[in-house]
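Trainee: First, the structure itself, so that you have it in front of you.
The values are calculated or read from the model by the stated rules, or taken from the named source; none is laboratory data. What you see is a predicted model; the values in this text were computed from it and never measured. Note: ideal-geometry Cβ built from the backbone for every residue, glycine included; neighbour counts use all protein chains shown. For the accessible areas, the whole protein counts, side chains as well, though only heavy atoms, and no ligand, DNA or RNA atoms are used. Shrake-Rupley method; radii C 1.70, N 1.55, O 1.52, S 1.80 Å.
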Amino acid sequence: MAAALTTISLPSLQKIASGKVRDLFSLPDPNVLLFVASDRLSAFDVVMTNGIPNKGAILTLMSAFWFRLLSERIPSLRTHFISLDIPAGIPAEEASVVKNRSMQVRKLEVLKIEAIVRGYITGSAWKEYQAKGTVHGLAMPQGMQLAQKFPSAIYTPSTKADAGAHDENIHPDDAWKEIGDKGTAKKVEELALAIYNTAAAYAEERGIIIADTKFEFAKDAEGNIYLVDEVLTPDSSRFWRKDGYELGKEPDSFDKQFVRNWLIKEGLKAKEGVTLPEDICVATGERYKEAFYLLTGTKFEDAANK
């Protein structure tokens, strides 16, 4: 198995921030940043000690695909995506590191909210529903089953926690407290639902059910809202096989739920210092690649060699 790239080293550029998966670098243009995805994998807010080979490239190329498609289908949508071009002037060895795993993006003020949209009941939403009959404090129909589709997609935001802390589910009416004003919060909710509904319809035609997903948004100096970060990837979404979907059962997925399930089975949920076995890494990588092919119509290897 090829080696995973878990540390991004670009000595010619200044690193501004490092997240669980991505590192952010400044560029000569003060209005543009370089967004670089490593092969690191996090689950239950903990980063594994090893990564999934090519995962960063898969996430980057899939996000770029979605940014372009969504911009075509939702003309009013603004995104931070500029291009996949490797920044001019960086050394050849650094260019080889960032190829296919970096995006040039607009520098914006990120809103401190996780904009989660759910089309089907599963995960933490299912647990809350079983206990209280609600999802993020919203009353739900009685008698719902695991993996059941909601009558319409619902917006269920969470806090965007600082490093080392955990996000917390919140009622949609309280999202403005995290963002700062009710007008911006309403725009984020409307955009998140429009993006999800557009993407879910597209994906279902290609054999994938997007059960739920997480978006991030930012604003510019004029207050315009932009879709940012990664978008609709196996890291940020639950992708289910349409042909294996069965009401009342957790469907087979293309996303990192596969890793979460292994961690739970092994009693390693939220434990630090976990190294994933090679077979789990390989199987996870194959799931990500299959999702990439079904959604984009192109094999990952072919897209990476363009």
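Trainee: If you scale each eigenvalue of the Cα gyration tensor by 5 and take the root, what three semi-axes come out for segment 109-262, rounded to whole angstrom and sorted largest first? Intermediate values should be presented prior to the final figure.
Mentor: On the way: eigenvalues 129, 63, 44 Å².
The answer is 25, 18, 15 Å, longest axis first.
Trainee: I've got another one for you. One-quarter of the Cα convex hull surface for segment 1-43, in nm²? Don't jump to the answer; show the numbers that get you there.
Mentor: Values: hull surface 15.0 nm².
Taking a quarter of the hull surface, the average projection is 3.7 nm².
Trainee: So how long is each side of the chain along the principal axes, counting just the alpha-carbon atoms, biggest first, in Å?
Mentor: Each principal axis gives a Cα extent; for the chain these are 60, 49, 37 Å.
Trainee: Averaged over all directions, how much area does the convex hull of the C-alpha atoms of segment 38-128 cover when projected, in nm²?
Mentor: Average projection, Cα convex hull of segment 38-128: 8.8 nm².
Trainee: I've got another one for you. Between residue 83 and residue 222, how many nm apart are label points set 7 Å from Cα along the C-beta direction?
Mentor: Placing both labels 7 Å along Cα→Cβ, they lie 2.3 nm apart.
Trainee: Hey, how many Å between the Cα centroid of segment 97-127 and the Cα centroid of segment 228-287?
Mentor: A separation of 16 Å, based on Cα centres.
Trainee: Next question. Probe 1.4 Å, all protein chains in place: accessible area of residue 287 in Å², nearest 10?
Mentor: 50
Trainee: Below 12 angstrom from the Cβ of residue 2, what's the summed charge of the other residues (Lys, Arg +1; Asp, Glu -1)?
Mentor: So the environment of residue 2 carries a net charge of -2.
Trainee: Please compute the Kirkwood hydrodynamic radius over segment 127-196, one decimal place, Å, based on all pairs of different Cα atoms.
Mentor: In segment 127-196 this quantity evaluates to 13.5 Å.
Trainee: On a 25 Å Cα-Cα criterion, which of the cross-link pairs 219/289; 127/299; 20/265; 20/55; 186/271 come out too long? Provide the component values of the computation, followed by the final result.
Mentor: Working: 219/289 32 Å; 127/299 36 Å; 20/265 23 Å; 20/55 13 Å; 186/271 37 Å.
Flagged as over cut-off: 219/289; 127/299; 186/271.
Trainee: Given a 1.4 Å probe and the protein chains all in place, what does the accessible area of residue 245 round to, in Å² to the nearest 10?
Mentor: 70
Trainee: Would you mind calculating the gained length between residue 293 and residue 205 on full extension (0.36 nm times residue separation, minus the Cα-Cα distance), in nm to one decimal? Could you put the intermediate results ahead of the total?
Mentor: Numbers: separation 88, 0.36 × 88 = 31.68 nm, distance 1.33 nm.
This chain segment gains 30.4 nm when fully extended.
Trainee: Eigenvalues of the Cα gyration tensor times 5, then square-rooted: what semi-axes does that give for segment 200-306, in whole angstrom, largest first?
Mentor: For segment 200-306, the semi-axes come out at 25, 20, 17 Å.
Trainee: Right, something else. What residues have an amide H closer than 5 Å to that of residue 252, excluding those fewer than 5 places away on the same chain, when H is modeled at 1.01 Å from N in the peptide plane?
Mentor: 241
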